[in-house]
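Presented below is the structure to which this report refers.
What follows draws every value from the coordinates through simple rules; no lab data is involved. Since this is a predicted model, take the numbers as computed values, not measurements. Glycine gets a Cβ as well: all are built from the backbone with ideal geometry, and neighbour counts include every protein chain shown.
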Amino acid sequence: MPRYTEFTQPYFLFRGLLQERLSWYVKPYFAIPLTSMIFALMHVSQGSVQIVSIDLISVFLDSFP
């Protein structure tokens, strides 16, 4: 049975790929928040505006390295 580490989870693959590619074109201090914003927007769901907003903000803040 394969052993999963934190680096094999989809989140880290997404971050590693997108953030590295963005860093080729822009500075890392711009690529990191942009990647976090894209990651948060991927978690948009239906529901109360307040709940969804709090969820997106928390995902955005938690996705910083």
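Okay, here's what the table says:
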read-out	value
Protection proxy ranking of 27-37, 48-58 - average other beta-carbon atoms within 10 Å, highest first	27-37, 48-58
For S63, distant residues with modelled amide H under 5 Å away	none
The stretch 20-31 - phi-based ³J(HN,Hα) in whole Hz, Karplus 6.51/-1.76/1.60, Gly and Pro as x	5, 5, 5, 5, 5, 10, 10, 5, x, 5, 9, 5
